[in-house]
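Contents: one structure, followed by commentary.
The values are calculated or read from the model by the stated rules, or taken from the named source; none is laboratory data. Everything quoted here is computed from the prediction, not taken from an experiment. We place every Cβ from the backbone using ideal geometry, glycine too, and count neighbours over all the protein chains shown. Side chains are part of the model used for accessible areas, which takes the heavy atoms of the whole protein and leaves out ligands, DNA and RNA. Shrake-Rupley method; radii C 1.70, N 1.55, O 1.52, S 1.80 Å.
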Amino acid sequence: MIHVTGPELENVMQKASVDLAALVGSRLCHDLISPIGAIQNGLELMALTGGGKDSPELTLIQDSCESAAARIRFFRVAFGHASGTQSMSRREIAGTLAAVTHDGRLKAHWSEESDHLREEVQMCFLAFLCCESALPMGGTVQFDHDAAGWTVRAKGPRLNVQQPLWDHLNGVGEMDLPGADKVQFALLPMISETLGKQLLATTDADSLTIKIAA
């Protein structure tokens, strides 16, 4: 029997916690997307049969369903389980980002043309959520990749940076249990450490940058 102690035990327990949280996220997203899809199908049938076609009520429900479905697809990548062998195509990644930012003040630009491992996309999506939290007036988030790793760069007016959260991304000090809307700041460092990646987060007057080193 192998006994694991000290830092190794902490790493094992942290990975187990991340994996369990990811499985819970995957389960929730999987169970929620089906009924929302069913509602969308029902609305399409109503439109085809003339039941409330082009009515503002039907349009509101349809838009809300599309928005909810987009967020669930995004959350499934950001918070769900990602094995080391899964990959995502550019079309799927860019489509997910386009859907989740549709008609919003925040826009995302995915410059990569090739497929990428889902676990890397997961970190990029969590970085997007970190940037989103600091852009109350909207802006743009740009994703770039090179031999050094990933760079997620955001710009927008009137940034609202909660510095302790961004310091935590850099491994500076401990962070208290965050609110549900800031959980990405806790998960991103944990996942990056599990995958052997390094984070570097910087902020200035009108921009934010999160680097995920290869």
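What order, most packed first, do the peptides 77-83, 203-209 have when packing is the mean number of other Cβ atoms within 10 Å of each residue? Let's see the in-between values first.
On the way: 77-83: 20.1, 203-209: 14.3.
Top of the packing list down: 77-83, 203-209.
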Once R0 is set to 41 Å, what does the formula 1/(1 + (r/R0)^6) return for the Cβ-Cβ distance between THR85 and GLN62, expressed as a FRET efficiency to the nearest 0.05? 0.65
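Per residue, how many Å² of accessible area does the stretch 89-155 show with a 1.4 Å probe?
Details: 2890 Å² over 67 residues.
Value returned for the stretch 89-155: 43 Å² of accessible area per residue.
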Where does helix 56-79 land angle-wise versus the long Cα axis of the chain, in degrees 0 to 90, nearest 10? 20
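Which value, in debye to the nearest 20, describes the size of the charge dipole of the stretch 147-191 about its Cα centre when Lys and Arg Cβ atoms bear +1, Asp and Glu Cβ atoms bear -1, and nothing else is charged?
Value, rounded to 20: 340 debye.
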On C-alpha positions alone, give me the angle between the axis of helix 118-133 and the longest principal axis of the chain, in degrees, nearest 10. 80
Segments 94-102, 126-134, 56-64 sorted - mean Cβ within 10 Å per residue, highest first: 126-134, 94-102, 56-64
Given a Förster radius of 35 Å and the C-beta distance between ASP176 and GLU113 as r, what FRET efficiency does 1/(1 + (r/R0)^6) yield to the nearest 0.05? 0.30
Spatially near lysine pairs across the chain, Cα under 17 Å, sequence gap of 8 or more or different chains: 4
Using +1 on the beta carbon of Lys and Arg, -1 on that of Asp and Glu, and nothing else charged, what's the dipole of the chain about the Cα centre, debye to 20? 200
Would you kindly state how much longer the chain becomes between GLN198 and ALA213 on full extension, computed as 0.36 nm times their sequence separation minus their alpha carbon distance, in nm to one decimal? 4.9 nm
Could you tell me the calculated FRET efficiency between ALA99 and ASN160, based on Cβ-Cβ distance and R0 = 25 angstrom, to the nearest 0.05? 0.50
